[in-house]
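Presented below is the structure to which this report refers.
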Amino acid sequence: MTLLTGHGFWNPLLWLAAAAGVTLLALVVWSRGRRDYTRGTDGELPFLSGEKMEGAHVGGGHLYWGFVEGLRPYVERLRALHSGLVNDYVGWLVVILAVVFLIVLVGG
Amino acid sequence: MSVVVRTIARILVPVILAFGGYVILHGHLTPGGGFQGGAVAASAVALLLVAFGAPSLKKLKSPLSVLEDLGGIAFVVLAFLGIGTTFFFNLLAGSGGLFGAASPIGPNAGFLNTGGTVPLMNWAVGFKVLGGLGAVMVLFGLFGGDDDR
Amino acid sequence: MIGNAPFVVCMVLVLLGLWALLFRRNLIKVVIGIKIIENGVNLYLVATGYVRGGIVPIYTYAPPDAAMVLPTPQALTLTSIVIGLATTALMLAFVVVIHRHKKTLDGRKVTELSG
Amino acid sequence: MTLLAILQVVILVLIVAGSILAVWLKDLLASVIALAGSSLLLALQFYLLQAPDVAIAEAGVGAALTTAIFVLAIRKTQRKEEE
Amino acid sequence: MNGLIYAFLAVGAAFNALGAVALIRFPDVYTRIHGATKCTTFGSIFSILAVAVYGIVQGGGAGGTMAVRAFLALVFLLLTNPTGSHALARAAHRSGIKPFRAVVDRLEEAGHGPRTTDHGSQENG
Amino acid sequence: MRRVAEWTTTALLVFALYLVFSAFSGRWGLWAPEELLAGAVIALLVGLATGPLVWKRGGWRLLQPQRWFLFLVYLLGPFLYAMAKANLDVAWRVLTGRINPGIVRFNPDLKTDVGRTLLANSITLTPGTLTMDVDDVTGDFFVHWIHVTDPSPTADAVCGPFPKWARRVAE
Amino acid sequence: MRRWIVLAAFVIVAGCLLLGGARMRPFGAPRFDLMDRYFNAWSQTETAANNVVTAVVFDYRGYDTLGEATVLFTAVIGVALILRRLKR
Amino acid sequence: MNLTAHAPILAVAVPLLGAFALPLWAKLHTSLRDLWLVLVAGVTGALTVLVAVQVYTVGIQVYTLGAAWPLDTLAPGGFPIRIILTVDALSAFLGLITVLVAVVGFSYAWRYLNEDEGKTLALTLGTLLWAGMLGMAFTGDLFNLFVFFEVTSIAACGLVGYRTWASRGPEAAFKTMVMYTVGGLFVLLAIALLYGEYGALNLAYLARQISGSVVDRIALGLLLGGLLMKAGAVPLHMWAPDAYGEAPAQAVILLVANTQISLYALFRVLFTLYGGVADPAIGWLVVSLGTLTLLVAALMAVVQMDLGRLVAFGAVSQIGYMLLGVGVGLTVIAARPAYGLVAIQGGIFHMLNDAVAIGLLFLAVGAVEKAAGNRNLANLGGLGHDLTWTTGFFLLGSLALAGIPPLNGFASKLMIYQSSFLLSPILSALAILASILLLAVFVKAFQGAFLGPRLRKAEPVPVSMLVAMGVLALGVLALGLFPELVVRHLVAPAADALWKGRDLYLQAVLGR
Amino acid sequence: MIVALPFAVAGLAMLGFILVCMVRLGIGPTAADRAVALDTINTLVVATMVLLGAAFNQVVLLDVALVYALLSYVGTLYIARYLERGLS
C-alpha cells in the first residue's frame, strides 16, 4: 500500500485513519458547542448586503470577487493575451519556436 | 455554364474517367496509382459540378460516400490478407494468377499482370479517393443550397 | 552548380506562408498561407530525394544502367499532398460555416472565444 | 551552371513569385489564382526533380480540386479581403 | 528529320512568344484572350508535333508511346483550350467588364446576356 | 432499351479511347491481351457510370462513319488553314496594335449542341474572333470580333465556311 | 508592441530555417541512401512492380498509405459533419 | 496465425476497419451500427490489453509490416526499410489510457448524442480518433507518427466543430485546425530535414545516427514546437480551452487523451530520438514551460464564467504537471539521481490520473449542459437538487484534480512536488500554488452550478451516461486508494522505458 | 539527364514566356485578366512538360502532361463560373 516517493511516503489507509481521528475530534468539539441555535431563524439565510432575499443564490461568478479584484492587473493582462485571434495563436507558436531555436542552437 | 461548356463536359467526363482508370490500372508500371487516378477521376465530378450545377449532383452524394467506404474496407481487407505472414505482406507477388506474374528485372516495357497486391490496392485506393474527393466536392457544392438561381 | 538553392527556396516558401499566417487577418488568406507552407514542405521533401543525373525511379522504358532518384521522399510527398488536400477541405468547410454565422471573414471579428 | 540547373532556378523563382502574389493580393479570387499558378509551377518543378508520380498528384489535386474547393468556398462567403 | 524537328520547335516557340507578348500588350481582357488562346494553342501544337516526330523517329515501343502520348496531349489541348477561353470571355462580360473601345456590343444590347435553357437540373448528371 | 444502347455505345467508345492510351503495350505496336481485358473492364465501368450523360437527343447520328471522315477532313483542311491565318493575323495585330473590336451577333442556323460547340470552338481558335456566348433557344452566336467591318454581319462574313462544315459534320 | 515581438521572433525563425536549408548536405548528393538504394535494387524482385514509388507506397510503406486513406476518410466524414443539414 | 505476435497491428487496424464500415452499417440500421461499434471497441480493447500484457511481461514488442516474419526488422545489410511498430511499456501504458477513455466515451455518447444531429458521423470520428491515438502510440517510424498525428488532428477538429448550429463550435474548430495543421507541417519539415540528412525514417535507426549537428538541432526545434503545440503547453495552449469548451463531452475526453499522446510523442523524441545528445537546457525549457502552464492556466480558470471553459483551463493546467514531472527527469538524466526517476513516474502516473479525473469532470459538465440547457455560471445554480449523482461525480472529480488526499490526483502530485523540490524548491512551491488555485476554481464551479436553491427543473440524466461517469469515479477512488499497485505494476516500467530504456528500445529494433 | 538538348532549350524558352504571363498575373487589373494569364500558363506548362519529357527522353514523364492537358481547364472553369455570377 505504501507509495515511496524518495524522501517520503504516501499511504491512503494511514491517511484515512488520521482523517477519521480528526473527524472524531471535530465531532467531539461540535458536540460541546452551543445548544441554543435553532432552525428557521435569520442565521440560515445568506447575508447579501443586508437585503433579505428569498431563494437567493450566490452565483459562481461572484465567488472570489475580492480575490480576482486583487489580482486584476495580472488577470487582465492574461485575458488580453487570450485574444481569440488566430494570427496571435500562430504568433505565439512562432515566438516559442524562436525561443526553442535559440535554446537549442545557442544553449546546447 | 453555356452550351459549349456543357457539351465539352459531356464528352470529357468519360474521357477523364477512362484516363483515371488508366492511371490507376497502370499505377505499378507508369507514374500514377491509386491517389493520382482517384484525384483525376474526382476531377470529373468537379467538372460535372461546374458544368451542370450542384443540384443535379444531389443524388450522387450517397453513392460516392458508399464507394468511399467500400474502397476503404477493400484496402484494409487487402492488407489483412497478408496476415498469415504479416500485415501488408504482398502475398500475390510472383504467385501466378491475377497480377501475380513476376516482373523481369531491369528496364523493360512493363507488363500489366505483375505487381501482386499492389494493383489491387491501387484500385481500392482509387475508388476510395474518387468517392471521397467527389463527395467533398458535392458537399461543398450543395452547402447553402442557393448555388443555382 | 546551384548549391542548396532548392532547399533555401523551400524554406523561403515556408516563411512566406508563415508571414501570411501571422499578418493576414482574412480567414481564407490564412488557409492560403497554410497551403503555401505545405507547398514548401512538399518541395523540400522531393528535393531531398533528388540525385544528380538520376532518372525517374520507374523501370518501364528506362534507359539501362542509369542512376535513379530516391523513391521514398516521393512516396512521402504523395501522402503529404493528400493530407494537405484533406486539411484544406476541412478548414474551408469551417470557414464557410463561420461565415454563415458571422457574415464576415475578418479574423478580428471572429473572436467570440477569448479571455 | 548546366541547363537543368538554369531550368530549376527559373522555376523556383517563378514559384516564389506566385506565392508572393498569393500572399500579397487583396482580392481573394486573385490570390487563389496566383496560388493555382504557383502550384502548377510546383508540379513542373517536381517534374524536373524526376518525380512524375508527385507531379501527377499535384496536377490532379492542385490544378483542379484545390482551386475548385477554394473557389467554391469564396463563392459561399465573400470575395474581398476587408481592411 | 532533325530539320523538321528544329523547324517545329522554332515555330512553336515563336508563336508561344507571340501569345505571351499579346497577353501583355493588348488593352483589355477579350483581346488578351484572343492573343493568348490562339497563339499558345497554335504554338503548343507545333511544339508537341516536334515531340511526336521525335518519338516516331526513335521508333520502337518507347518512341511510339511517346508519339501517341504527345498526340493525345494535343487532342486534349484542342478540346479544352477554346472552351476555357470561351467560358472566361463569357464570364468576363457577365461580370461587367466592357470591351475596350468597342464599336458595337450586341451582347450588351441583348440585355443580361442570352437565355440559357438548362442549368443541368433536368439533365441526367 | 435506350439505356442499354447508351451504355454499350459509351463503353465501346471508351474502349477505343483506351486502346489509344495503351497502344504499343504489346508486340509490334499492338496491344497486350491483358491490356485488352483490363480496357474492357474499365470501358464497362465508365460506360455504366456515364452512359446516360453522354448521349443527348439526336446524338446518335454522330456515330455515322462518314461524319468522322468529314470531321478529319475539316480539321486538317479548312480549320488548320484558318488557324494558321489567325495566328499570322494576331501576330500582325500584336506588332502594330491596330484593333477595332466589337461584339457582333449572327445566326449560323445550327440546331444541335454538338454543332454549336464545334462551331464555337472553331470560331474561338480562328482569325480575330472569339465566341462570347451562345443563345440556347435561338442559336444566336455572340462573337467578339477584333476587327469589326460590319456591325451586323452574316455568318459567312465572320467565320467563312465553318457553319457549313459544322452542319455537315454534326447535323 | 506585440507586433514587434512577433516580428522579431519571425526574423529569428527565418534565420534558423534558412540556416537549416543552407547547412543541409549538398543538393543532389544524398549522404546516406541505403534504404532507397535497397528499394531501387530490390523492389522489382520483391513486389514485381516496375514503378518503385508505387511499390514503396503500397508495399514497403503501405501502413502510411493506410493512414493516409484514413486521413482522407476522416476529412470526408468531417466535412459531411460540418456541412450537414440540421433537421431542426 | 499467431495472435499475440500480430496484436500490435491488429489493435490499430481493427478500429480503422470498424470506422470504415460504421457508416455502411448505419445506412442499414442504427442498432446494427451500435452493435458493430460495441464489437469493434471490445476487440480493440482486448487486443490493446493483450499487447500491454505482452509488453509488461515479456518486453518490447516489435512488428515489421509487410516483412516475411514480424520480427524481421532489418533488411540484408543491417538497416530497417519497412515500417516497424515498436511498443514499449510507455506506449502500452498510453494505449491502456486510450482504451479506458474511448470505452467510457462511447458508452457516454450512446445517449448523449442525438440521432438526427450526426450521431453516426460523430461516432465514426471518435473511432478514427481512437485508432489514430493507438497508431501514434504504437508506431516506431517517424513519418508514420506524422500520418497518425494528422489523423488525430483532423478527427479531433471534426469533433470540435460538431455544434454547427452555434457559431462558437466552428470557430473553435477552425482555430484548432489551423494550429494543428501548422504544427503538423513543422513536424513534417523536421522529418524532411532528418530524412535528408540521414536517409532513414525509423526512430531507432535515426536515434543511432543523430550526431547533434546544426540541422539536427533545427529539426529538434521544429519537432518540439509542433508537439508542444499539440500537447497544449502555455503559451501554445490557446486552442485548448476553445476546443475543450466547444466539443461534445464524449469527444473532449478523447481530446484530453490526444494531448497526452502528443506528450508521449514529445517524450519519445526527447528521450529516445535525441536521447544521445541530451542537454539540460532542453530539460529546463520543458520544466519552465510546465511551470508556466500550471500557473497561467490555473489563474485563467479562476476568472472564467463558462463552466466548460473553466474546466478546460483546469485540464490545460494538468498538462503542466506532466511536463514538470518529466522535465525534471529530463534535466537530471545525465546524472541520474533517484528523484529523477520518481519525477518521471509522477509525470506518467499523472497522465492516467488526469485522464480519469478530468474525463469525469468533462462528462459531468456535459450532463449539466444537457440537463440545464446552458453552461454559464451566472445562470446556473441548484442543480444538486435534481442531479444527485452528477453532483457527487463532479465533486469527486474536482477534488481529485485539485489534489485533495486520498483521491488519485494527490498521489501523483505528491511525487512531482517532492522531486521538483529536490531540483528547485521554487518549482515545488509554484506547483502547490497552482493546485491551491485549482481547488479555488473548482469550489467556485461547484458552488455556482450545484449548490443554492433550485432555479429551474433539470432534465434527468440518462442511466448510461451515469454509468460512464460512475466507471471513471470508481477509477478515481481506486487509483487514489491503491496508488502503489498501479505505480509498481504499470507506471514504473513505463517510467523506466524513458529513464534508461533507450538502449533497450534501440536493441529491440536494431538487434545490436 | 538531358538527352536531347534542343527540346530543353525550347522548354527554357517556354519558361521565359511563363515569366511574362506571371507579370500579367501580377498586374492584371481585373480577376478575369489574371484568369486568362493562368489559362495561358496552363497551356505553356503542358507544352513545357511535353518538351522536357522529350528532352529527358523518358516516355513515362509524358503522362503528367496528359493529366495537365486534361485537367487544367477545370480550375479555369471554376473561376469563370464564379466571375459569371458577378459581383453579387
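The values are calculated or read from the model by the stated rules, or taken from the named source; none is laboratory data. Note that the structure is a prediction, hence the values are computed from the model and not measured. Cβ placement follows ideal geometry from the backbone for every residue including glycine, while neighbour counts extend to all protein chains displayed.
Remarks
- Scan of region I:40-88 for residues that are not polar (S, T, N, Q) and not in a helix (DSSP H, G or I), ordered by number: I:85, I:86, I:87
- Criterion applied to F:138, F:149, F:129, F:124 was being assigned by TED's automatic domain parsing to the domain that holds residue F:91 and either within 15 Å of the chain's Cα centre (by Cα) or under 13 Å from residue E:83 (Cα atoms) (or both), and the one residue passing it is F:124.
- Criterion (closer than 22 Å to residue H:479 by Cβ, surrounded by fewer than 22 Cβ atoms within 10 Å (Cβ to Cβ), more than 10 Å from chain A (Cβ to nearest Cβ) and out of contact with any Gly (no Cβ under 9 Å at 6 or more places or on another chain)) met by exactly one of H:404, H:426: H:404
- From C:43, C:76, C:90, C:70, residue being buried (at least 24 other Cβ atoms within 10 Å of the Cβ), away from chain A (no Cβ under 14 Å) and part of a loop (DSSP other than H, G, I, E, B): C:70
- Of all residues in region E:48-69, those being of a type outside the set (A, V, I, L, M, F, W, C), out of contact with any Phe, Trp or Tyr (no Cβ under 7 Å at 6 or more places or on another chain) and either within 14 Å of residue I:40 (Cβ to Cβ) or within 9 Å of chain I (Cβ to nearest Cβ) (or both) number 5.
- Region B:81-137, residues that are more than 7 Å from every other protein chain (Cβ to nearest Cβ), assigned to a helix (DSSP H, G or I) and out of contact with any Ser or Thr (no Cβ under 8 Å at 6 or more places or on another chain): B:117, B:119, B:120, B:123, B:124, B:126, B:127, B:130, B:134
Here is a yes/no grid of residues against (1) more than 14 Å from chain B (Cβ to nearest Cβ); (2) crowded, with 24+ Cβ neighbours inside 10 Å; (3) modelled with pLDDT of 85 or more:
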site: E:21; (1), (2), (3): yes, no, yes
site: E:97; (1), (2), (3): yes, no, no
site: E:108; (1), (2), (3): yes, no, no
site: E:120; (1), (2), (3): no, no, no
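- Where residue I:27 falls short, out of the listed (1) aliphatic (A, V, I, L, M); (2) at pLDDT below 90; (3) buried (at least 23 other Cβ atoms within 10 Å of the Cβ): (3)
- Extreme residue, farthest from the other protein chains (Cβ to nearest Cβ), among residues of region H:109-119 that are assigned to a helix (DSSP H, G or I) and buried (at least 21 other Cβ atoms within 10 Å of the Cβ): H:112
- Condition check for residue C:52 on (1) surrounded by fewer than 24 Cβ atoms within 10 Å (Cβ to Cβ); (2) part of a helix (DSSP H, G or I); (3) not polar (S, T, N, Q): one failure, at (2).
- Residues of region C:68-83 include at least one that is over 16 Å from residue G:53 (Cα atoms), at pLDDT 90 or above and out of contact with any Lys or Arg (no Cβ under 7 Å at 6 or more places or on another chain).
Residue by residue, here is whether (1) facing another protein chain (nearest Cβ under 7 Å); (2) without any contact (Cβ under 8 Å) to a residue 12 or more places away in the chain; (3) part of a helix (DSSP H, G or I); (4) under 24 Å from residue C:68 (Cα atoms) holds:
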{"residue": "D:22", "(1), (2), (3), (4)": "yes, no, yes, no"}
{"residue": "D:35", "(1), (2), (3), (4)": "yes, no, yes, no"}
{"residue": "D:46", "(1), (2), (3), (4)": "yes, no, yes, yes"}
{"residue": "D:54", "(1), (2), (3), (4)": "yes, yes, yes, yes"}
{"residue": "D:58", "(1), (2), (3), (4)": "yes, no, yes, yes"}
{"residue": "D:64", "(1), (2), (3), (4)": "yes, yes, yes, no"}
{"residue": "D:67", "(1), (2), (3), (4)": "yes, no, yes, no"}
{"residue": "D:71", "(1), (2), (3), (4)": "yes, no, yes, no"}
{"residue": "D:75", "(1), (2), (3), (4)": "yes, yes, yes, no"}
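- When region F:32-53 is limited to residues that are β-branched (Val, Ile, Thr) and buried (at least 19 other Cβ atoms within 10 Å of the Cβ), the one that is farthest from the chain's Cα centre (by Cα) turns out to be F:42.
- Screening H:335, H:355, H:315, H:371 for residues that are without any contact (Cβ under 8 Å) to a residue 40 or more places away in the chain and more than 13 Å from chain A (Cβ to nearest Cβ) leaves exactly one candidate, H:335.
- Residue count, region A:62-86 (criterion: assigned to a helix (DSSP H, G or I), surrounded by fewer than 21 Cβ atoms within 10 Å (Cβ to Cβ) and in contact with a Gly (Cβ under 7 Å, 6 or more places away or on another chain)): 1
- Yes/no for residue D:4 being more than 9 Å from chain B (Cβ to nearest Cβ) and under 27 Å from residue G:28 (Cβ atoms): yes
- Candidates H:439, H:455, H:474 - the one that is surrounded by fewer than 19 Cβ atoms within 10 Å (Cβ to Cβ), on the phi < 0 side of the Ramachandran plot and free of Cβ contacts under 8 Å to residues at least 24 places away in the same chain: H:474
- Residue list for region F:103-133, restricted to those being at the interface with chain E (Cβ under 8 Å from one of its Cβ atoms) and on the phi > 0 side of the Ramachandran plot: F:128
- Taking the listed residues B:38, B:21, B:71, the one that is touching a residue at least 12 places away in the same chain (Cβ under 8 Å) and under 19 Å from residue F:11 (Cα atoms) is B:21, with no other qualifying.
- Number of the condition not met by residue H:181 [criteria: (1) within 7 Å of another protein chain (Cβ to nearest Cβ); (2) buried (at least 24 other Cβ atoms within 10 Å of the Cβ); (3) over 20 Å from residue C:80 (Cβ atoms); (4) among the polar types (S, T, N, Q)]: (3)
- The test for being buried (at least 19 other Cβ atoms within 10 Å of the Cβ), in a helix (DSSP H, G or I) and away from every other protein chain (no Cβ under 14 Å) does not hold for residue H:480.
- The residues in region I:8-19 that are surrounded by fewer than 24 Cβ atoms within 10 Å (Cβ to Cβ) and either more than 7 Å from chain E (Cβ to nearest Cβ) or at pLDDT below 90 (or both) can be counted, and the count is 6.
Conditions tested, residue by residue: (1) in contact with a Leu (Cβ under 8 Å, 6 or more places away or on another chain); (2) more than 9 Å from chain H (Cβ to nearest Cβ).
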{"residue": "G:1", "(1), (2)": "no, yes"}
{"residue": "G:9", "(1), (2)": "yes, yes"}
{"residue": "G:20", "(1), (2)": "yes, no"}
{"residue": "G:26", "(1), (2)": "no, yes"}
{"residue": "G:29", "(1), (2)": "no, yes"}
{"residue": "G:73", "(1), (2)": "yes, no"}
{"residue": "G:79", "(1), (2)": "yes, no"}
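- Filter pass, residue B:67 being buried (at least 17 other Cβ atoms within 10 Å of the Cβ), out of contact with any Leu (no Cβ under 6 Å at 6 or more places or on another chain) and farther than 21 Å from residue F:39 by Cβ: yes
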